[in-house]
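Asks: Provided herewith is a single structure, encoded as structure tokens, for subsequent inquiry.
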Amino acid sequence: MIEQNLQQAVAGALKRLYGIEVSPDTVVLQATKKEFVGDYTVVVFPYVKQARKSPEQVANELGAAVKETVAEVADFNVIKGFLNFSVDDAYWVRFVSDEAADPDFGITKPNPSASPVVVEYSSPNTNKPLHLGHIRNNLLGWSVSELLAANGANVKKVNLVNDRGIHICKSMLAWLRYGNGETPESSGMKGDHLVGKYYVEFDKHYKEEVSQLTAQGMDEEEAKKQAPLMVEAQQMLKRWEEGDPEIRDLWTKMNGWVYAGFDETYRKMGVGFDKIYYESNTYLLGKELVQKGLDMGVLFRKDDGSVWCDLTADGLDQKLLLRRDGTSVYMTQDLGTALLRHNDFGAEQLIYVVGNEQDYHFKVLKLILGKLGFGWADKVYHLSYGMVELPNGKMKSREGTVVDADDLIAEMEVTAEEMCRDHGKNDDMTPEQLKELYHDLAMGALKYFILKVDPVKNMLFNPAESIDFNGNTGPFIQYTHARIRSIVRKAEEQGVSLTASLAAPAALTDKERAVVKSLHDLPATLSAAAANYSPAMVANYAYDLAKNFNSFYQDTPILRETDANLRLFRVKLCALVSVALKNTLRILGIVAPERM
RNA sequence: GGUUCCGUAGCUCAGCUGGAUAGAGCAACUGCCUUCUAAGCAGUAGGUCCUGCGUUCGAAUCGCAGCGGAAUCACCA
């Protein structure tokens, strides 16, 4: 690539001219700001001291030397210590011509024989439906997986469903008590919502019991433990663990409802998994690891029989791994599932897409895996993301401000339909096609809105802004794609072939060059985004490219261009932009419609 | 209280390993559809980059301190 050539040429010139030895990749090369002439800029300040010349002198000498050695450099200019290179338009034209017919432009195909990267995301509890927080998790997990795959990784997506524990017992108990045998079929409710309803029901009655007990003078902590519903839920969990068939049957039935509901939501979100783990199958794992750790001397047992890991040397506390009754805790299970997953896939890397409230947990998990002697521990990566907040603060189930995933998607689809109706551009499409389009646009808006934000940051979800289809939004990019596809289709009808050979046009316009350069950045952007586990970088790239294209499109004739060669170049340019948009949107999980 | 993360325009966000006069979108205002999709384009206005000190030729970016916000510090998951 031209960037590396320039860096090498600069490094070579530094050595020849001044005897300064630098590694080419340390040469600071950046895109020239648009108020200056040029494409790439080298900052020469770091070398002026050793060169013992003024910045301008160094820049001029370097510029002349590089221009001699790099054929693609057409010219250079110097402003203070900034050396701006102009790349020959022939280079850009050749680039477009070479890539225009490649549907995988920018993408490195996954290598199926490579050691897998296992990405865990979603990981819901089965006691209530998915909400906005899960949406960020699912979209991030899917997108990061696609992003890594687009950089050649052999990605396996996994889900660890938390299908056991006290929470599901609460729903089960409430359903037995108050449900009157209600089913998804009898109520017409989605299974996960139905089970969620009884989880809420439990909470309601439980709170009543607690307040009754405290009214009788009982301490609140004590009341929470003594409340009959809680006691019964605990007993139910115990019976579950003992394998009581009655409880197990009910559990299987209600979880089945939830899975059916989740599947529907996952399908609408367009996410999926290569393997689903169930905590009911994995929660006993990890104990052997604890024994191994004890044998190795990296864990220790306290007098009461509980087992701990001492992390004080790492600046953390002691961490419990087995309770004094010998049962495992979350960390123990996660150690077990990490090893299981590593072995299941022969994984090279494990990635966990989990909210930042678990930063501490994963820091500890990595440390303990390392202490247990697993070399792959340092390849465990916690993709930590910030909370989603609403304009009036955090989501609180108590205050009924939780944004339900299914409701949100349905609302977005309604909005998309209204927008399309207003524009009236698709009146000839079939009802099925329209439905698909509404869904694609709704999800485009939602996904882009969430993914464009840097994962580490908390983000504000403003419902009014999320359904905006103008400006820096998913539909804006989808629209740009659809417009381009329309042009390319027409070009093909007119007999323009994307594989036809191209002579170099006389000179590119500024807007053409801006679009080409933006395209040229795609491979580097994707690899940087993958290195940072950041779909946001992909989203921002796609927006930038779309904006550059629209500006070009606005005042440049394409099919109306009379010079056949120039028309061919512009059609190829259009085609390549559509491919770049389609591929980047796909990484974000967003469909790029052919028309809208 | 300890630890971690965040703080950029009225609002939501970009700003890559330090580099030129800090950028978008929304909201406000002005123009542009008999011509390839106006979900678009062009423009105006809007900034103590939380504060201070330090490192550097150069700091929104790195370091330290402080302020503000969030998360976490369970024999919960």
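The values are calculated or read from the model by the stated rules, or taken from the named source; none is laboratory data. None of these values were measured; they are calculated from a predicted model. Ideal geometry is used to build each Cβ from the backbone, glycine not excepted, and the neighbour counts take in all protein chains shown. The area values use the complete protein model at the heavy-atom level, side chains included, leaving out ligands, DNA and RNA. Shrake-Rupley method; radii C 1.70, N 1.55, O 1.52, S 1.80 Å.
Asks: Which condition number in (1) modelled with pLDDT of 95 or more; (2) within 8 Å of RNA strand B (Cβ to nearest atom) is the one that A:Ala542 fails?
Replies: The one condition A:Ala542 does not meet is (2).
Asks: For the list (1) within 16 Å of RNA strand B (Cβ to nearest atom); (2) surrounded by fewer than 14 Cβ atoms within 10 Å (Cβ to Cβ), I need the number of the one condition that A:Trp251 fails.
Replies: (2)
Asks: Next question. Can you find, within segment A:391-414, the residue that is most open to solvent (accessible area, probe 1.4 Å) among those that are among the polar types (S, T, N, Q) and closer than 23 Å to A:Met269 by Cα?
Replies: A:Ser397
Asks: Same structure, new question: If I filter segment A:48-79 down to residues being more than 30 Å from A:Ser501 (Cβ to Cβ) and open to solvent by less than 20 Å² (accessible area, probe 1.4 Å), which single residue comes out as farthest from RNA strand B (Cβ to nearest atom)?
Replies: Here the answer is A:Ala65.
Asks: Report whether or not A:Thr556 is β-branched (Val, Ile, Thr), within 7 Å of RNA strand B (Cβ to nearest atom) and either outside any loop (DSSP other than H, G, I, E, B) or assigned by TED's automatic domain parsing to the domain that holds A:Thr480 (or both).
Replies: yes
Asks: Condition first: within 17 Å of A:Ile450 (Cβ to Cβ) and of a type in the set (A, V, I, L, M, F, W, C). Now tell me which residues in segment A:108-138 satisfy that.
Replies: Within segment A:108-138, A:Leu130, A:Leu132, A:Ile135 meet the criteria.
Asks: Oh, and also: Mind checking whether some residue in segment A:581-592 is open to solvent by 50 Å² or more (accessible area, probe 1.4 Å), in a loop (DSSP other than H, G, I, E, B) and within 12 Å of RNA strand B (Cβ to nearest atom)?
Replies: No, that holds for no residue.
Asks: Could you please let me know if A:Val354 is within 30 Å of A:Val200 (Cα to Cα), open to solvent by 10 Å² or more (accessible area, probe 1.4 Å) and in contact with an Asp or Glu (Cβ under 9 Å, 6 or more places away or on another chain)?
Replies: The answer is yes for A:Val354.
Asks: Could you check, for segment A:489-504, whether at least one of its residues is on the phi > 0 side of the Ramachandran plot and at pLDDT 95 or above? Outline the logic, then answer.
Replies: Step one: list which residues in segment A:489-504 are on the phi > 0 side of the Ramachandran plot, which gives A:495.
Retained after the next criterion (residues that are at pLDDT 95 or above): none.
Within segment A:489-504, none of the residues are on the phi > 0 side of the Ramachandran plot and at pLDDT 95 or above.
Asks: Just a yes or no: is a residue in segment A:80-90 closer than 28 Å to A:Pro24 by Cα, charged (D, E, K, R), in contact with a strand residue (DSSP E or B) (Cβ under 7 Å, 6 or more places away or on another chain) and open to solvent by 40 Å² or more (accessible area, probe 1.4 Å)?
Replies: Yes, segment A:80-90 contains at least one residue that is closer than 28 Å to A:Pro24 by Cα, charged (D, E, K, R), in contact with a strand residue (DSSP E or B) (Cβ under 7 Å, 6 or more places away or on another chain) and open to solvent by 40 Å² or more (accessible area, probe 1.4 Å).
Asks: Can you tell which of A:Lys224, A:Lys156, A:Lys207 is under 29 Å from A:Gly141 (Cβ atoms) and basic (Lys, Arg)?
Replies: A:Lys156
Asks: Just one of A:Ser122, A:Ser187, A:Ser171, A:Ser143 is out of contact with any Lys or Arg (no Cβ under 6 Å at 6 or more places or on another chain) and open to solvent by 30 Å² or more (accessible area, probe 1.4 Å); which is it? First the steps, then the outcome.
Replies: Working: A:Ser122 fails: open to solvent by 30 Å² or more (accessible area, probe 1.4 Å); A:Ser171 fails: open to solvent by 30 Å² or more (accessible area, probe 1.4 Å); A:Ser143 fails: open to solvent by 30 Å² or more (accessible area, probe 1.4 Å).
Testing whether each residue is out of contact with any Lys or Arg (no Cβ under 6 Å at 6 or more places or on another chain) and open to solvent by 30 Å² or more (accessible area, probe 1.4 Å) leaves just A:Ser187.
Asks: Within segment A:282-323, can you find the residues that are open to solvent by 70 Å² or more (accessible area, probe 1.4 Å) and touching an Asp or Glu at 6+ places or on another chain (Cβ under 7 Å)?
Replies: A:Gln318
Asks: Kindly indicate whether A:Asn392 is within 9 Å of RNA strand B (Cβ to nearest atom), not assigned by TED's automatic domain parsing to the domain that holds A:Ser486 and not aliphatic (A, V, I, L, M).
Replies: It is false that A:Asn392 is within 9 Å of RNA strand B (Cβ to nearest atom), not assigned by TED's automatic domain parsing to the domain that holds A:Ser486 and not aliphatic (A, V, I, L, M).
Asks: Among the candidates A:Val27, A:Val44, single out the residue that is β-branched (Val, Ile, Thr), open to solvent by less than 80 Å² (accessible area, probe 1.4 Å), modelled with pLDDT of 90 or more and over 18 Å from A:Val87 (Cα atoms).
Replies: Of the residues listed, the single one that is β-branched (Val, Ile, Thr), open to solvent by less than 80 Å² (accessible area, probe 1.4 Å), modelled with pLDDT of 90 or more and over 18 Å from A:Val87 (Cα atoms) is A:Val44.
Asks: Identify the residue in segment A:332-359 that is touching a residue at least 40 places away in the same chain (Cβ under 8 Å) and farther than 18 Å from A:Pro116 by Cβ and, among all such residues, is farthest from the chain's Cα centre (by Cα).
Replies: The selected residue is A:Thr332.
Asks: Then there's this: So which residues in segment A:273-294 are in contact (Cβ under 8 Å) with a residue 60 or more places away in the chain, within 16 Å of RNA strand B (Cβ to nearest atom) and among the small types (Gly, Ala, Ser), if there are any at all?
Replies: A:Ser280
Asks: Another one. Condition first: away from RNA strand B (no atom under 12 Å from the Cβ) and farther than 29 Å from A:Ser86 by Cβ. Can you find one or more residues in segment A:504-521 that meet it?
Replies: No, the conditions are met nowhere in segment A:504-521.
Asks: Select, from A:Lys109, A:Lys80, A:Lys67, the only residue that is of a type in the set (Lys, Arg) and free of Cβ contacts under 8 Å to residues at least 24 places away in the same chain.
Replies: On the way: A:Lys109 fails: free of Cβ contacts under 8 Å to residues at least 24 places away in the same chain; A:Lys80 fails: free of Cβ contacts under 8 Å to residues at least 24 places away in the same chain.
The conditions single out A:Lys67.
Asks: Here's something else I'd like to know. Filter segment A:462-489 for residues that are in contact with a Leu (Cβ under 6 Å, 6 or more places away or on another chain) and either closer than 17 Å to A:Leu139 by Cα or open to solvent by 10 Å² or more (accessible area, probe 1.4 Å) (or both) and give the result.
Replies: Within segment A:462-489, just A:Pro475 meets the criteria.
Asks: Turning to a different aspect of this structure: Note down all Cβ pairs under 6 Å where the first residue falls in segment A:260-272 and is in a helix (DSSP H, G or I), the second is surrounded by 14 or more Cβ atoms within 10 Å (Cβ to Cβ) and of a type in the set (Lys, Arg), and they're at least six residues apart or on different chains.
Replies: A:Gly261/A:Lys190
Asks: Just checking, does segment A:361-380 include any residue being crowded, with 16+ Cβ neighbours inside 10 Å, among the aliphatic types (A, V, I, L, M) and closer than 30 Å to A:Gly196 by Cβ?
Replies: yes
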